[in-house]
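S.K.: This is the structure, below, for whatever I ask next.
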Amino acid sequence: MRIYHHIDEFVRLNNAVVTIGTFDGVHTGHRKIISRIKELAAETGGETVILTFFPHPRMILHPEDESIKLINTINEKAELLEQLGVDHLIITPFSRDFSNQTAEEYIRDVLVNKIGTKKIVIGYDHRFGKDRQGGLSDLQNLGPVYDFEVIEIPEQDIYEVAISSTRVREALLNGAIELANTFLSYPFFITGNVVRGDQIGRQIGYPTANIVIEEKYKLIPLDGIFAVKVKTGDTVYKGMAYIGTRPTINGATRNIEVNIFDFDKEIYNEQIRMEFYHFVRGDMKFNSLDDLKEQIRKDKLDVEALLGE
């Protein structure tokens, strides 16, 4: 898959089969749409193109709203789309200027002249152009003018996409990790850099890798203990992750840490990937470090049983 970080980097195709959207989560609903554009491309000898935007339009149009949390970072999304066999991913910067194009300018200048769209797979509720005035009817009216075909995504499929995204977020924030993974069709994961912590875990016999995620918009599950798998380099390990403020030591900031089983390497400043499989328990405050250590011992037994052999 070729990735373009601006529409101007893209070299116009003769037969582009296009769909547009945020594709946050790249979940089961999205995969149905991607399967459709792949089928159409195979039937017509075309190439698949996904047009997405970053930053998310709401981040630009409503910068005061810090509640926007996305299931995937832009790099995670690209990785997932590449696994699905998409030919081209255009990540074009969303800006107020871009949003002020008229519907016809957007169709003519972006979809036709820049991309070379011959087929576009789009939902009935997709909006674009200045004040979001453009929609499916504009595409259908201008298709014959600019020589492209519009394939409408059924309302039920659009509903499924919207509901799936909402349910994934709700599930992650409520500890229903298995349910979230079912909707996603893959384990929810985070990627981040390992930084040096205050060594509390090492003091009580459970050293942890402290993970920092640079993308503040990335959705993080609720506070607590999780059964996870950690990929560092080319190797995958089982582990026990913690998300929370460490109330036992009166912590003030929210941390993400993981105790990686059967692992003793130094990985400071390295990037690791952590996949979530089960929620074990919520965050708790203990009377002492000894009490915390005893609970962690029990947690590890629970995690090992959940992850199995």
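The values are calculated or read from the model by the stated rules, or taken from the named source; none is laboratory data. Given the structure is predicted, the values throughout are model-derived calculations rather than measurements. Neighbour counts are summed over all protein chains in view; Cβ atoms, including those assigned to glycine, are modelled from backbone coordinates with ideal geometry. Just so you know, the surface numbers come from the protein's heavy atoms only, side chains and all, with ligands and any DNA or RNA stripped out. Shrake-Rupley method; radii C 1.70, N 1.55, O 1.52, S 1.80 Å.
S.K.: Tally up the residues in the range 104-138 that are at pLDDT 85 or above and assigned to a helix (DSSP H, G or I), please.
M.R.: 15
S.K.: Just wondering, is there one or more residues in the range 288-297 that are modelled with pLDDT of 90 or more, of a type outside the set (D, E), crowded, with 17+ Cβ neighbours inside 10 Å and in a strand (DSSP E or B)?
M.R.: no
S.K.: Condition first: surrounded by 19 or more Cβ atoms within 10 Å (Cβ to Cβ) and either charged (D, E, K, R) or in a strand (DSSP E or B) (or both). Now tell me which residues in the range 64-77 satisfy that.
M.R.: L70, E76, K77
S.K.: For the range 5-32, name all the residues that are open to solvent by 20 Å² or more (accessible area, probe 1.4 Å) and in a helix (DSSP H, G or I).
M.R.: D8, E9, T28, R31, K32
S.K.: Now for a separate question. Given the options F183, F148, F189, F128, name the one that is within 18 Å of H30 (Cα to Cα), of a type in the set (F, W, Y) and touching a strand residue (DSSP E or B) at 6+ places or on another chain (Cβ under 6 Å).
M.R.: F189
S.K.: So if I check each of F54, F23, which one is more than 20 Å from I158 (Cα to Cα), touching a His at 6+ places or on another chain (Cβ under 9 Å) and not β-branched (V, I, T)?
M.R.: Result of the check over F54, F23: F54.
S.K.: Scan the range 41-58 residue by residue and report those that are within 24 Å of G116 (Cβ to Cβ) and open to solvent by 70 Å² or more (accessible area, probe 1.4 Å).
M.R.: A42, E43, E47
S.K.: Report, by residue number, each residue of the range 164-179 that is touching a residue at least 24 places away in the same chain (Cβ under 8 Å), part of a helix (DSSP H, G or I) and not acidic (D, E).
M.R.: S164, S165, V168, R169, L172, L173, N174, I177
S.K.: Looking only at the range 183-209, which residues are of a type in the set (S, T, N, Q), free of Cβ contacts under 8 Å to residues at least 60 places away in the same chain and either closer than 23 Å to S67 by Cα or surrounded by 15 or more Cβ atoms within 10 Å (Cβ to Cβ) (or both)?
M.R.: Hit for the range 183-209 is T208, nothing else.
S.K.: Another question, then. Output yes when any residue across the range 270-279 is open to solvent by 40 Å² or more (accessible area, probe 1.4 Å), closer than 20 Å to I204 by Cα and among the acidic types (D, E), and no when none is.
M.R.: no
S.K.: Only one of L142, L172, L61, L80 is over 28 Å from N15 (Cβ atoms) and open to solvent by less than 40 Å² (accessible area, probe 1.4 Å); which?
M.R.: Checking each option against the conditions leaves just L172.
S.K.: In this structure, does D262 turn out to be open to solvent by 40 Å² or more (accessible area, probe 1.4 Å), acidic (D, E), touching a strand residue (DSSP E or B) at 6+ places or on another chain (Cβ under 8 Å) and on the phi < 0 side of the Ramachandran plot?
M.R.: The answer is no for D262.
S.K.: Separate question: Looking at (1) assigned to a helix (DSSP H, G or I); (2) open to solvent by less than 70 Å² (accessible area, probe 1.4 Å); (3) more than 30 Å from A241 (Cα to Cα), can you tell me which one D97 breaks?
M.R.: Unmet condition: (2).
S.K.: Over 30 Å from S35 (Cβ atoms) and in contact with a Gly (Cβ under 6 Å, 6 or more places away or on another chain): which single residue out of G192, G224, G205, G175 fits that description?
M.R.: After ruling out the rest, the residue left standing is G224.
S.K.: Take V86 and decide whether it is aliphatic (A, V, I, L, M), within 19 Å of R36 (Cα to Cα) and crowded, with 20+ Cβ neighbours inside 10 Å.
M.R.: Taking the combined requirement at face value, the residue satisfies it.
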